Amino acid sequence: MRKDLFMKNTYLTGYFPLISILLFSSAFSIFTVGITTDFLTQAGILKGMLEFFSEQGIRLALFAAFALVYFMILSALKLIADTVLELALLFFAKDPEGENLKKIRIASVVYLFASLLAFLLTQQLILLVGLFVLASLVYFIWVVVRIYQSLSMLNLIGFMMFILLFWATFLIGILYLFIKLYNSVMASLPA
């Protein structure tokens, strides 16, 4: 009975993305606060800050600031991912009623479990990022498996290529911008 309710009511999973974003933001923030406080300690800045604020207050303020930044980044990525997914479905699926969207809505549970697991890995950035990438890959595979029956083989290939090419272009573009920014900062430094 409960499983039927869970599978039939699509609104029950509507809050999973928000919880996942909050948990991933918190996990990344915990890691970043540790790195930042180590840097502030080595630079001698933390000692001066402790004259005005408590160490817990500084850590809490850093956590709130980093959590907000990570929340905004992950929310933007979620918005972009949803838009690309629905655009791919518009182009390649013949589904005007949105049945495919209902089928894949439960896939957000992948990110929920990954975000819960992220709290075990808060001290290792590579594992945190790897977990996020793995969750994204599992989510993509889950979506493809759930909708492949409603698409022809050519449309399925087009659907997958559209999403993969978008994210490859997006990531390469971001990497290119960071490299250009890094090179311009290094070129502007005095020799």
Discussion item. Regarding region 81-88, can at least one residue be identified that is part of a helix (DSSP H, G or I) and of a type in the set (Gly, Ala, Ser)?
Written reply: yes
Item to complete: Would you be able to say whether some residue in region 93-107 is of a type outside the set (Lys, Arg) and on the phi > 0 side of the Ramachandran plot?
Response: yes
Worksheet item: Which of the residues that make up region 20-29 are open to solvent by less than 60 Å² (accessible area, probe 1.4 Å) and either without any contact (Cβ under 8 Å) to a residue 12 or more places away in the chain or not polar (S, T, N, Q) (or both)?
Response: Ile21, Leu23, Phe24, Ala27, Phe28
Discussion item. Which pairs turn up if I take residues in region 141-154 that are touching a residue at least 24 places away in the same chain (Cβ under 8 Å) and look for partners that are assigned to a loop (DSSP other than H, G, I, E, B) and surrounded by 14 or more Cβ atoms within 10 Å (Cβ to Cβ) with beta carbon separation below 8 Å, at least 6 apart in sequence or on another chain?
Written reply: Ile147/Ala93; Ser150/Ala93; Ser150/Asp95; Leu151/Ala93
Worksheet item: When you scan region 49-73, how many residues do you find that are open to solvent by 60 Å² or more (accessible area, probe 1.4 Å), over 26 Å from Ser108 (Cβ atoms) and β-branched (Val, Ile, Thr)?
Response: 0
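Rundown of residues vs (1) touching a Phe, Trp or Tyr at 6+ places or on another chain (Cβ under 9 Å); (2) within 29 Å of Thr37 (Cβ to Cβ); (3) surrounded by 14 or more Cβ atoms within 10 Å (Cβ to Cβ), yes/no style:
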position: Ser75; (1), (2), (3): no, yes, yes
position: Leu79; (1), (2), (3): no, no, no
position: Leu89; (1), (2), (3): yes, no, yes
position: Pro96; (1), (2), (3): no, no, no
position: Asn100; (1), (2), (3): no, no, yes
position: Tyr111; (1), (2), (3): yes, yes, yes
Discussion item. I'd like to verify a number: residues in region 128-161 that are of a type outside the set (Ser, Thr, Tyr) and not in a helix (DSSP H, G or I), how many?
Written reply: 1
Worksheet entry | Odd one out for Ser188, checked against (1) hydroxyl-bearing (Ser, Thr, Tyr); (2) touching a Phe, Trp or Tyr at 6+ places or on another chain (Cβ under 7 Å); (3) more than 30 Å from Ile30 (Cβ to Cβ) | (2)
Worksheet, complete the sentence: Among (1) modelled with pLDDT of 95 or more; (2) surrounded by 14 or more Cβ atoms within 10 Å (Cβ to Cβ), Thr37 falls short only on (1)
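The values are calculated or read from the model by the stated rules, or taken from the named source; none is laboratory data. It should be emphasised that the depicted structure is a prediction, and the values quoted were computed from it without experimental measurement. Cβ coordinates were reconstructed from backbone atoms using ideal geometry, including for glycine residues, and neighbour counts include every protein chain displayed. What goes into the accessible areas is simple: the full protein's heavy atoms, side chains included, and nothing from ligands, DNA or RNA. Shrake-Rupley method; radii C 1.70, N 1.55, O 1.52, S 1.80 Å.
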